[in-house]
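Read-outs throughout are calculated quantities, based only on the coordinates presented, and are distinct from any laboratory measurement. Predicted, not measured: the structure shown is a model, and the values here were computed from it. Cβ coordinates were reconstructed from backbone atoms using ideal geometry, including for glycine residues, and neighbour counts include every protein chain displayed.
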């Protein structure tokens with residue numbers, strides 16, 4: 001028999017020992033949830049499985065809300081999943097259940113399959129050995145491109161690279177965030193962290209205290225021009241946050257990638273880890289440096305949601321990683 005629990009303290013008891021991955025863990029999601037401040041808890045329980053949802057402004061999401069809630073494994077429990085969706089629909093509660101890491105489409109009853117929507121994949125680098133920059137450059141298909149990448153890699157010596165302590169992060173964090181946000185503004189874009197700077201700091205502090213955190217600053221003439229933060233443990237390496245802060249006339253973004261690839265693959269290999277997760281968002285250099293899309297899923301019932309595939313992922317890639325169409329796509333698209 002399905003039980004719906006709405007008392008926050010009782011709900012969080014079920015999460016105390018929840019740990020699937022770095023980003024699908026009680027500790028990480030508790031930080032997100034406290035920032036999100038949901039109005040209602042809706043935890044669905046069925047014997048040994050549970051589905052932790054919360055609601056705010058008549059929109060249900062996974063515990064932690066919709067922003068940066070990057071990994072949610074749903075129990076392979078057909079009764080539980082369909083009961084929860086029917087519960088929300090019967091009460092006219094919209095939902096955005098995003099960043100599902102396992103494909104539950106076959107567990108959905110026919111009436112709710114239409115809520116299965118395309119969702120941007122995460123980008124993963126398969127680690128075979130430490131990244132070799134010169135080998136990477138030699139792999140480029142044309143002489144002109146090899147020359148360009150060799151020139152960029154040689155410019156790396158003009159920059160200073162500093163592995164950060166947490167004290168360094170505390171010192172540089174205000175500057176990092178100001179530069180990060182200003183850089184987005186100059187390009188006519190908005191950083192997702194613009195109004196969540198304190199949230200990001202809390203997350204990085206959590207990684208430092210409860211997981212492991214590797215951070216690197218890139219400096220030019222004593223000015224910080226780039227940064228990245230990697231969360232890791234004995235099973236995972238996650239590129240959580242990073243970027244460059246200056247215009248790219250000196251190929252800074254590729255220099256950032258060269259260093260990040262060298263350091264992250266060395267770290268992964270030292271731990272015997274076979275992949276690096278760079279999360280969602282296909283910035284051009286992810287693909288250029290060997291990251292490939294891995295599937296994520298979503299269930300959405302929201303009139304404001306636009307059903308569309310990720311334009312940076314080709315049709316062939318979709319077929320390769322998903323092996324199916326999505327329930328929200330029209331029958332005509334499947335013919």
In percent, what relative contact order does the chain have, based on Cα pairs under 8 Å that are 6 or more apart in sequence? 22
Relative to the first principal axis of the alpha-carbon coordinates of the chain, what is the inclination of helix 166-186, with its axis defined by its Cα atoms, in degrees from 0 to 90 and to the nearest 10? 90
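If you take the Cα atoms of segment 71-165, find Rg, then find the Kirkwood Rh from the mean of 1/r over all pairs, what is Rg/Rh?
Working: Rg = 23.6 Å, Rh = 18.4 Å.
With Rg and the Kirkwood Rh in hand, the quotient comes to 1.28.
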What span do the alpha-carbon atoms of segment 273-335 cover on each of the three principal axes, reported in whole Å from largest to smallest? 38, 27, 23
Kirkwood Rh over alpha-carbon pairs of segment 1-100, then Stokes-Einstein at 25 °C and 0.890 mPa s: what D in µm² s⁻¹, rounded to an integer? 183
Only bridges with both residues in segment 124-294 count here: give the DSSP antiparallel percent, nearest 5. 95
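For residue 168 and residue 132, compute 0.36 nm times the residue count separating them, minus their Cα-Cα distance, and round to one decimal in nm.
Numbers: separation 36, 0.36 × 36 = 12.96 nm, distance 2.82 nm.
Length gained, residue 168 through residue 132: 10.1 nm.
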Tell me, how many Å apart are the Cα centres for segment 209-287 and for segment 53-130? 28
Give the separation of the Cα centroids, segment 179-201 to segment 14-32, in Å. 26
Cα-based Rg and Dmax for segment 124-294, where Dmax is the largest Cα-Cα distance (Å): 15.8, 47
In terms of the alpha carbon gyration tensor, root eigenvalues a ≥ b ≥ c, rounded if a/c is under 1.5 and otherwise prolate when a/b exceeds b/c or oblate, segment 228-277 is prolate
Radius of gyration and Dmax for segment 46-119's Cα atoms, expressed in Å? 11.7, 30
What number does segment 86-138 give for Rg over Rh if you use C-alpha atoms and the Kirkwood radius? 1.29
If Rh is defined by the Kirkwood formula over all Cα pairs and Rg also comes from Cα, what ratio Rg/Rh do you get for the chain? 0.99
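If you rank 157, 324 by fewest surrounding Cβ atoms within 10 Å, what's the result? Each step should come with its number before you reach the end.
Working: 157 8, 324 13.
By the 10 Å Cβ count, ascending, the order reads 157, 324.
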Tilt relative to the chain, helix 26-36 - C-alpha long axis, 0 to 90 degrees, to 10: 80
Could you tell me how many degrees, from 0 to 90 and to the nearest 10, lie between the Cα long axis of helix 78-90 and the main elongation axis, the longest principal axis, of the Cα atoms of the chain? 80
In bins 5 Å wide, starting from 0, what share of all Cα pairs of segment 112-217 does each bin hold, as a percent? 2, 8, 11, 12, 15, 17, 17, 10, 5, 2, 1, 0
